[in-house]
Amino acid sequence: MRNLPFTLPKCDQPAAGRIEIYSPDPAGDAFGSLDASVYACDAHVPDVVAAAWAVELTAYRIEMLPGLERTCGEFYVYLTGNFGGDQ
Ligand SMILES: [Zn+2]
């Protein structure tokens, strides 16, 4: 099971934004590797951002794609990222 190294909100509201989660590369670029996307409602966007920062990941909010419906707390782990390759 691929998972994130931080806790997501348990919430059933429609997501209002998508948060891209990056891990730093060895050179110190905070946007080194795009590892996951997390969906969150307006109330939980700050919580997700804070949780990612707390484990030294970079969180960057982007807008939802038009027509895309997701629930707060849903996430997607990129197979090419640092959380996706090990199992
Ligand atoms: Zn929420």
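Each reported figure results from applying straightforward, stated rules to the coordinates on display, with no laboratory input. Nothing here was measured: the structure is a model prediction, and the numbers come from that model. Here Cβ is always computed from backbone atoms with ideal geometry, including for glycine, and neighbour counts include all displayed protein chains.
Against the definition (aromatic (Phe, Trp, Tyr), within 16 Å of the ligand (Cβ to nearest atom), surrounded by 12 or more Cβ atoms within 10 Å (Cβ to Cβ) and not in a loop (DSSP other than H, G, I, E, B)), how does residue 22 come out, yes or no? Reasoning before the result, please.
Numbers: aromatic (Phe, Trp, Tyr): yes; within 16 Å of the ligand (Cβ to nearest atom): no; surrounded by 12 or more Cβ atoms within 10 Å (Cβ to Cβ): yes; not in a loop (DSSP other than H, G, I, E, B): yes.
In short, no.
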Checklist line | Subset of the range 46-70 (residues that are over 12 Å from residue 14 (Cα atoms) and either of a type in the set (Val, Ile, Thr) or in contact with a Phe, Trp or Tyr (Cβ under 8 Å, 6 or more places away or on another chain) (or both)) | finding: 48, 49, 51, 52, 54, 55, 57, 58, 59, 60, 62
Item checked: Hits in the range 30-59 (condition: away from the ligand (no atom under 16 Å from the Cβ), outside any loop (DSSP other than H, G, I, E, B) and either loosely packed, with under 15 Cβ neighbours inside 10 Å or on the phi > 0 side of the Ramachandran plot (or both)) -> 53, 54
Checklist line | Residue list for the range 60-87, filter: in a loop (DSSP other than H, G, I, E, B), over 30 Å from residue 26 (Cβ atoms) and over 10 Å from the mean Cα position of the chain (by Cα) | finding: 64, 65, 66, 67, 68, 69, 70, 72
